[in-house]
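Q: Handing you this structure, nothing more for now.
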Amino acid sequence: MHVRVLGAAAGGGFPQWNCSCCNCRRLRQGTIRSQARSQAQLAISTDRQQWFLVNASPDLRYQIESFPSLHPCTTSLRHSPIDGVVLTSAEVDAALGLLLLRESQPIAVYATDAVRRLLMEDNDLFRVLQRQQDQVRWHRLVPGETTELKGVAGSPSGIRCTPISSGGGFPGHVPVEKSETLDPAEAVLGLLFEHEDGSMAFFPGAPSVRTEWLQAIASCDALLFDGTFWSEDELIRTQGHGKTARQMGHSPMSGADGTLESFAGVQGPRKIFIHINNTNPVLDEDSPEFKQIRAAGWELAFDGMELSF
Ligand SMILES: [Zn+2]
């Protein structure tokens, strides 16, 4: 399986357009050892011909152009090697990019029933994906049920996908009365991708690390996990108000029961933080926090990172 990290940042990207936190300011000044990152986005493939996007970020148009394997072939006017999209949630960061794929290119979209309903019901803008019959072919993901990813014409990828409820909630803009009609287990997913040669776990948003996940993750070749915040009160300290990391659906890296501690006994996979918020001190490669994650065996995802297994 080939994995291309097209974007590694949390919502807003790094730097964020309206942010002058310590990291964003120093990145613009060129005084931090780090690099800009676009909003979290993966592309996966087994043959480098047929690709599946994992989520559809607001930066997707630029991210596709940045990776020639996703460009159309030159022998056909309309073509894309992108055959499907797998969504982990209905958050803006994860799903807005679907609107950027609206140019009548048929595509398969895998999502829970709750995520599909949040995007397609009560949401006139997303009807641009329904201008033609079968423009978007929805495939239902059910937590705990393994499905093989297939392209829009039914061509098999050889990739099995098992969704896992991550414990996160519905996006903040969803009215309570709407969320009460939806299954909370379908709000935010972690995804296990397996191919005959390798496997990967992808959890871009998880409020905690559940012990029942550890056995499956330990046997993977790679783990890409929620690296949004270093500390529980990071956003409150940065901007003077706001929610804690866990209240926002993100296990902090540090602290008791933080991500580093929770995965300390998991030695099998390459452990990589992704969905990194621009306020996170690990983005500074000279920081003690960056040195701490490296000492604990973790890597930090960056735009253009590739994994093969
Ligand atoms: Zn910032």
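Q: Quick check, is V142 open to solvent by less than 70 Å² (accessible area, probe 1.4 Å), at negative phi and more than 17 Å from the chain's Cα centre (by Cα)? Give the derivation first.
A: Numbers: open to solvent by less than 70 Å² (accessible area, probe 1.4 Å): yes; at negative phi: yes; more than 17 Å from the chain's Cα centre (by Cα): yes.
In short, yes.
Q: Also, I was wondering about something else. Can you tell me which residue within segment 13-33, out of those that are open to solvent by less than 30 Å² (accessible area, probe 1.4 Å) and not aliphatic (A, V, I, L, M), is farthest from the ligand (Cβ to nearest atom)?
A: The initial filter retains those residues of segment 13-33 that are open to solvent by less than 30 Å² (accessible area, probe 1.4 Å), namely 13-14, 19, 21, 23-24, 32.
Checking the rest, the ones that are also not aliphatic (A, V, I, L, M) come to 13-14, 19, 21, 23-24.
Values: G13: 9, F14: 7, C19: 3, C21: 3, N23: 5, C24: 3 Å.
If we take residues in segment 13-33 being open to solvent by less than 30 Å² (accessible area, probe 1.4 Å) and not aliphatic (A, V, I, L, M), then G13 is farthest from the ligand (Cβ to nearest atom).
Q: Let me ask something else about it. Which of the following residues is part of a loop (DSSP other than H, G, I, E, B) and either farther than 16 Å from L42 by Cα or not β-branched (V, I, T) (or both): G190, G169? So that I can check it myself, show each step before the final result.
A: Values: G190 fails: part of a loop (DSSP other than H, G, I, E, B).
Selected residue: G169, the only one of G190, G169 that is part of a loop (DSSP other than H, G, I, E, B) and either farther than 16 Å from L42 by Cα or not β-branched (V, I, T) (or both).
Q: To continue, here is another question. Within segment 199-223, which residues are in contact (Cβ under 8 Å) with a residue 24 or more places away in the chain and of a type outside the set (A, V, I, L, M, F, W, C)?
A: Within segment 199-223, the subset in contact (Cβ under 8 Å) with a residue 24 or more places away in the chain is 199-210, 213-214, 216-223.
Correct list: S199, P204, G205, P207, S208, R210, S219, D221.
A quick yes/no check of all residues on (1) closer than 13 Å to V266 by Cα; (2) modelled with pLDDT of 95 or more; (3) open to solvent by 30 Å² or more (accessible area, probe 1.4 Å):
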{"position": "E186", "(1), (2), (3)": "no, yes, no"}
{"position": "M200", "(1), (2), (3)": "no, yes, no"}
{"position": "V209", "(1), (2), (3)": "yes, yes, no"}
{"position": "E212", "(1), (2), (3)": "yes, yes, yes"}
{"position": "D221", "(1), (2), (3)": "yes, yes, yes"}
{"position": "G227", "(1), (2), (3)": "no, yes, no"}
{"position": "I236", "(1), (2), (3)": "no, no, yes"}
{"position": "H241", "(1), (2), (3)": "no, no, yes"}
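Q: Report every pair of residues separated by at least 6 positions or lying on different chains whose Cβ atoms are under 7 Å apart, first residue within segment 13-26 and outside any helix (DSSP H, G or I), second at pLDDT below 95 and within 8 Å of the ligand (Cβ to nearest atom).
A: C21/T238
Q: Considering only segment 170-184, how many residues are out of contact with any helix residue (DSSP H, G or I) (no Cβ under 8 Å at 6 or more places or on another chain) and open to solvent by less than 40 Å² (accessible area, probe 1.4 Å)?
A: 1
Q: Within segment 1-12, can you find the residues that are away from the ligand (no atom under 11 Å from the Cβ) and not β-branched (V, I, T)? Outline the logic, then answer.
A: Residues of segment 1-12 away from the ligand (no atom under 11 Å from the Cβ): 1-8, 11.
Residues satisfying the conditions are M1, H2, R4, L6, G7, A8, G11.
Q: To continue, here is another question. Under 8 Å between Cβ atoms, which residue pairs at least 6 apart in sequence (or on different chains) link something in segment 225-245 that is within 23 Å of T88 (Cα to Cα) with a partner that is assigned to a helix (DSSP H, G or I) and within 13 Å of the ligand (Cβ to nearest atom)?
A: Qualifying pairs under 8 Å: F229/L235; W230/P281; K243/L235; T244/L235; A245/E234; A245/L235.
Q: Step by step: first the residues of segment 246-286, then only those that are open to solvent by less than 10 Å² (accessible area, probe 1.4 Å), closer than 16 Å to F302 by Cβ and assigned to a loop (DSSP other than H, G, I, E, B), then the one that is farthest from the ligand (Cβ to nearest atom). Which residue is that?
A: Among those that are open to solvent by less than 10 Å² (accessible area, probe 1.4 Å), closer than 16 Å to F302 by Cβ and assigned to a loop (DSSP other than H, G, I, E, B), it is N280.
Q: Go through segment 267-289 and count every residue that is touching a helix residue (DSSP H, G or I) at 6+ places or on another chain (Cβ under 8 Å), free of Cβ contacts under 8 Å to residues at least 60 places away in the same chain and more than 15 Å from S254 (Cα to Cα).
A: Counting residues in segment 267-289 that are touching a helix residue (DSSP H, G or I) at 6+ places or on another chain (Cβ under 8 Å), free of Cβ contacts under 8 Å to residues at least 60 places away in the same chain and more than 15 Å from S254 (Cα to Cα) gives 2.
The values are calculated or read from the model by the stated rules, or taken from the named source; none is laboratory data. This is a predicted model, so every value here is computed, not measured. Note: ideal-geometry Cβ built from the backbone for every residue, glycine included; neighbour counts use all protein chains shown. Surface areas here come from the heavy atoms of the whole protein model, side chains and all, with no ligands, DNA or RNA. Shrake-Rupley method; radii C 1.70, N 1.55, O 1.52, S 1.80 Å.
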